[in-house]
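Presented below is the structure to which this report refers.
The values are calculated or read from the model by the stated rules, or taken from the named source; none is laboratory data. Nothing here was measured: the structure is a model prediction, and the numbers come from that model. In this analysis, Cβ positions are derived from the backbone assuming ideal geometry, glycine residues included, and neighbour counts consider all displayed protein chains. Heavy atoms of the whole protein, side chains included, go into the accessibility calculation; ligands, DNA and RNA do not. Shrake-Rupley method; radii C 1.70, N 1.55, O 1.52, S 1.80 Å.
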Amino acid sequence: MNNGFVHFAEFELQIIALGWLVVLYVIKVVQLSRLPMPQEKGFPKGSPIQGALRSYTNIFIPWSMESSKKHLWRWLEFGAYHVGALIAILNTFTTPFAPGIMTEPVRWVFAILITPALLLGIVKLVRRVASPELRLISTPDDYFSLASVELFFFAGIMALLVDTSLWRTIYFLITAGFLFYVPFSKISHYVYFFFAAAITGRRYGWRGVRPQARKAE
């Protein structure tokens with residue numbers, strides 16, 4: 001494969017796609033920041049700041065939420081999937097911009113960490129198709145997002161293990177397309193998470209619900 005095109009796919013195209021992503025997310029964050037925040041009218045029974053901080057750390061404390069407390073395997077699934085996604089994203093930076101650290105053992109570790117996310121993504125896709133309840137609330141974007149992430153994971157694993165110019169080019173073309181698409185998809189939920197966690201955390205912290213406020217002696 002032409003080395004010039006490989007270089008373009010790994011560097012120039014990635015920079016263009018990242019620039020696009022950053023610009024759209026800055027616009028999105030500014031729009032969200034301008035929305036009116038709901039204000040509590042009662043007397044504070046706890047700390048809004050502590051509530052917000054607790055809201056951000058809930059994903060690391062499975063026993064703090066009823067859903068993960070009763071279904072620990074779902075929390076483990078969530079963790080493995082997002083760790084794999086994080087490594088796959090990290091690889092899009094380390095491979096082109098820090099090739100010196102991408103030794104063969106590091107590439108294998110990255111591939112091993114991404115593989116569970118690939119397999120769990122297939123489970124998620126099958127579950128969404130097989131479950132009547134999930135099919136009812138699913139949109140075309142749900143299916144396309146899951147499928148595109150799976151393609152991203154698979155190409156990343158192949159690029160890491162095979163490490164040929166062909167697979168690296170395929171991987172970075174998919175990555176660029178993914179970056180152009182993400183701001184318009186439900187994958188943007190990670191941006192909304194920070195706003196939702198702050199709002200709900202402040203509310204429950206103010207009310208002394210979470211973390212539990214100490215009762216007066």
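Here is how the numbers come out for the structure above:
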read-out: Number of positions in segment 61-112 that are assigned to a helix (DSSP H, G or I), among the hydroxyl-bearing types (Ser, Thr, Tyr) and farther than 19 Å from ILE187 by Cα; value: 5
read-out: Selected residue (only one of ARG135, ARG74, ARG107, ARG127 is within 27 Å of LEU160 (Cα to Cα) and either out of contact with any Gly (no Cβ under 9 Å at 6 or more places or on another chain) or modelled with pLDDT of 90 or more (or both)); value: ARG107
read-out: Subset of segment 77-99 [over 19 Å from LEU146 (Cβ atoms) and either hydrophobic (A, V, I, L, M, F, W, C) or exposed (fewer than 14 other Cβ atoms within 10 Å of the Cβ) (or both)]; value: LEU90, PHE93, PHE97, ALA98, PRO99
read-out: Of the criteria (1) farther than 25 Å from GLN31 by Cβ; (2) among the aromatic types (Phe, Trp, Tyr); (3) touching a residue at least 40 places away in the same chain (Cβ under 8 Å), which one TRP167 fails; value: (3)
read-out: Members of segment 1-55 found to be of a type in the set (Gly, Ala, Ser), in a loop (DSSP other than H, G, I, E, B) and under 29 Å from the mean Cα position of the chain (by Cα), listed by number; value: SER47
read-out: Of residues in segment 140-164 being of a type in the set (Ser, Thr, Tyr) and touching a residue at least 24 places away in the same chain (Cβ under 8 Å), the one farthest from ASN2 (Cα to Cα); value: SER145
read-out: Of all residues making up segment 21-59, the number that are open to solvent by 90 Å² or more (accessible area, probe 1.4 Å), within 18 Å of HIS189 (Cα to Cα) and either among the small types (Gly, Ala, Ser) or in contact with a helix residue (DSSP H, G or I) (Cβ under 9 Å, 6 or more places away or on another chain) (or both); value: 1
read-out: Residue list for segment 157-190, filter: within 25 Å of LEU35 (Cα to Cα) and assigned to a helix (DSSP H, G or I); value: TYR181, VAL182, PRO183, PHE184, LYS186, ILE187, SER188, HIS189, TYR190
read-out: Residue check, PHE144 within 24 Å of ALA9 (Cα to Cα), open to solvent by less than 50 Å² (accessible area, probe 1.4 Å), assigned to a helix (DSSP H, G or I) and not basic (Lys, Arg); value: no
read-out: Filter pass, PHE193 being open to solvent by 70 Å² or more (accessible area, probe 1.4 Å), more than 23 Å from ALA9 (Cα to Cα) and part of a helix (DSSP H, G or I); value: yes
read-out: Out of THR115, THR200, sole residue that is open to solvent by less than 80 Å² (accessible area, probe 1.4 Å), part of a helix (DSSP H, G or I), at pLDDT below 90 and farther than 25 Å from LEU21 by Cβ; value: THR200
read-out: Residues being more than 16 Å from LYS186 (Cβ to Cβ) and of a type in the set (S, T, N, Q) - total across segment 113-152; value: 2
